[in-house]
Structure formats: C-alpha cells, structure tokens
Amino acid sequence: MPGVALLSGRYEQADPKTRLVRLPVPAGLADVTEQLRQVQRQKTAAFEAGDHEGAAALRGRERQLRAEKLRLEQEWAAGADVRAVIAENQRVHRELDRLRALLRQHGNEPDGGTAQTA
C-alpha cells in the first residue's frame, strides 16, 4: 500500500511498503485549528445576516489564524524525525501482525473477524 510522507514541507511518494503514520497533533495546533473553525462559522453567519463589517473583521482574524496554523504546522513538521516515526510504525505493525497470527493459531479471530492490516 503506497503511503505519502511529509518531508521538507512537501509531500513525497513514500516506499510502497510504507504504512501511513499518524503523529499526535500538538495541543497548540489543535487549539488554533478549532479557533479557525469557529471564526469561519462566525464569519459565515455574520455575512448571511448582512453584517458585512463584522464579516470583514472576522476575515482579518481568519487570516491571522491561518498564518498561525501554518507556522505551527511547519514548526511541528520540522521537529519530526519522519524516518524514525515510519520505522517505529512499521515495527509496531509487524508486532501486531505477529500477535494476530498467534491468536489465529489458538482459534481466536482477532477483532471478531474484522481485523485488517493497515
């Protein structure tokens, strides 16, 4: 299954054996993302209510939050050792596959028969 890795701020095709990697999102980035969603909803509501000045002010705040989100994403990606994360992710998947095989050897279907390899 081909994967995509974020390297140097751009997406590159990963090795076909690479599995998707999930990195925990830093709290600050999650907070800014939620604030951005709220401002976007408020801006839409203001515009639909005919409050064009309010919508314009919220558009300015939206721009600030987008810039902050981009800065935090770049900072987060720069601090990630992507190769180490991928290697650990692959190690965990191999172990999971090994444990599922052991369960099957003992007559137990993992996850009630719904288990799938990522």
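The values are calculated or read from the model by the stated rules, or taken from the named source; none is laboratory data. Here the structure is a predicted model, which means the values were calculated and not measured. In this analysis, Cβ positions are derived from the backbone assuming ideal geometry, glycine residues included, and neighbour counts consider all displayed protein chains. Surface areas here come from the heavy atoms of the whole protein model, side chains and all, with no ligands, DNA or RNA. Shrake-Rupley method; radii C 1.70, N 1.55, O 1.52, S 1.80 Å.
If each residue of separation counts as 0.36 nm, what is the full-extension length gain between residue 99 and residue 85 once their alpha-carbon separation is subtracted?
Numbers: separation 14, 0.36 × 14 = 5.04 nm, distance 2.11 nm.
Additional length available on full extension: 2.9 nm.
Calculate the translational D of the stretch 49-98 in whole µm² s⁻¹ from Stokes-Einstein, where the hydrodynamic radius comes from the Kirkwood formula applied to all Cα pairs, the temperature is 4 °C and the viscosity 1.567 mPa s. Let's see the in-between values first.
Details: Rh = 14.3 Å.
The estimated diffusion coefficient comes to 90 µm²/s.
How much FRET efficiency would the formula 1/(1 + (r/R0)^6) give for residue 67 and residue 44, where r is the Cβ-Cβ distance and R0 is 22 Å, rounded to 0.05?
Values: r = 20 Å, r/R0 = 0.91.
So the FRET efficiency works out to roughly 0.65.
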Could you tell me what percent of the accessible area of the stretch 33-85 is made up of carbon and sulfur, with a 1.4 Å probe and every protein chain present?
-> 50 percent
Label points 7 Å out from Cα along the Cβ direction at residue 74 and residue 59: separation in nm?
-> 2.4 nm
